[in-house]
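The values are calculated or read from the model by the stated rules, or taken from the named source; none is laboratory data. No experiment lies behind these values; they were computed from the predicted model shown. So basically every Cβ, Gly included, is an ideal-geometry build from the backbone, and we count neighbours across all protein chains shown. In case anyone asks, the SASA skips ligands and DNA or RNA and just uses the protein heavy atoms, side chains included. Shrake-Rupley method; radii C 1.70, N 1.55, O 1.52, S 1.80 Å.
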Amino acid sequence: MQTVFSKIIAREVPAHIVYEDDDVIAFLDIIQATKGHTLVCLKEPFVDMMDTPDEKAARLFKVVNRLTKAVDQAFKPEGITVISNNRAGAGQTVFHVHIHIIPRYETDGVTIKVKNHVHETDPDAYHKRAEAIRKAL
Ligand code: 5GP
C-alpha cells in the first residue's frame with residue numbers, strides 16, 4: 001500500500017532524513033511530540049509488525065538501537081520512549097511499519113499510561129495467557 005512514508009522514501013514528499021541504508025530509513029516525525037522525535041521505518045512497505053518477517057524486524061531494531069543512542073547523545077533527554085503502534089486499534093495512523101523514538105523531558109506533556117490489573121488477574125489466567133502465546137510461536 002502506498003503511504004506517505006513510501007513517498008518520503010521515494011523523495012516525493014520532503015522529510016528531515018537522519019539515516020538511510022538499503023533496508024531502513026529514519027526521519028524526524030513531522031509533529032515533533034518532543035524535541036528530536038524520530039521515526040525509523042523499513043523501506044519495504046510492510047503494514048505493521050505482525051506483517052514483518054523476523055529478519056527484516058532485526059534490521060529495523062538494529063537501527064532503532066543505534067538511533068536511540070544518537071538521539072540520546074544529541075539531546076541529552078531525561079529518558080527515551082521507544083514505541084510502535086500496530087493497527088488502528090493501537091493508534092496506528094500510517095500503515096507502513098515504523099518505530100517511534102521519543103526523547104522525554106520534564107513536563108513534555110507525553111502521556112503513555114497503562115493500568116495495573118494484577119489484583120484482578122487470577123493465577124490461572126496468567127498460566128492460560130502464557131500458554132496461548134507459547135502455542136502461537
Ligand atoms: P503512527 O500514528 O502510525 O504510530 O505514527 C505515524 C506518524 O507519522 C505520526 O506521528 C505522524 O506525525 C507522522 N507523519 C504523518 N505524516 C507525516 C509526514 O508527511 N512527514 C513526517 N515526517 N511524518 C509524518
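Tell me whether the stretch 108-119 contains one or more residues that are closer than 14 Å to V47 by Cβ, open to solvent by less than 100 Å² (accessible area, probe 1.4 Å) and out of contact with any Phe, Trp or Tyr (no Cβ under 8 Å at 6 or more places or on another chain).
No, every residue in the stretch 108-119 fails to be closer than 14 Å to V47 by Cβ, open to solvent by less than 100 Å² (accessible area, probe 1.4 Å) and out of contact with any Phe, Trp or Tyr (no Cβ under 8 Å at 6 or more places or on another chain).
Based on what the data block shows, is V47 among the aliphatic types (A, V, I, L, M), surrounded by fewer than 14 Cβ atoms within 10 Å (Cβ to Cβ) and assigned to a loop (DSSP other than H, G, I, E, B)?
no
From (1) touching a residue at least 24 places away in the same chain (Cβ under 8 Å); (2) more than 14 Å from the ligand (Cβ to nearest atom), pick out the condition that doesn't hold for V118.
(1)
Here are the criteria: (1) away from the ligand (no atom under 11 Å from the Cβ); (2) in contact with a Phe, Trp or Tyr (Cβ under 9 Å, 6 or more places away or on another chain); (3) open to solvent by less than 70 Å² (accessible area, probe 1.4 Å). Tell me which single one V71 does not satisfy.
Single failed check for V71: (2).
Where the second residue is modelled with pLDDT under 95 and the first is hydrophobic (A, V, I, L, M, F, W, C) and lies in the stretch 49-70, which pairs have Cβ atoms under 8 Å and are six or more apart or on separate chains?
If the second residue must be modelled with pLDDT under 95, no pairs are left.
Exactly one condition in (1) assigned to a strand (DSSP E or B); (2) open to solvent by less than 20 Å² (accessible area, probe 1.4 Å); (3) near the ligand (Cβ under 9 Å from one of its atoms) is false for H100; which is it?
That leaves (2) as the condition not met.
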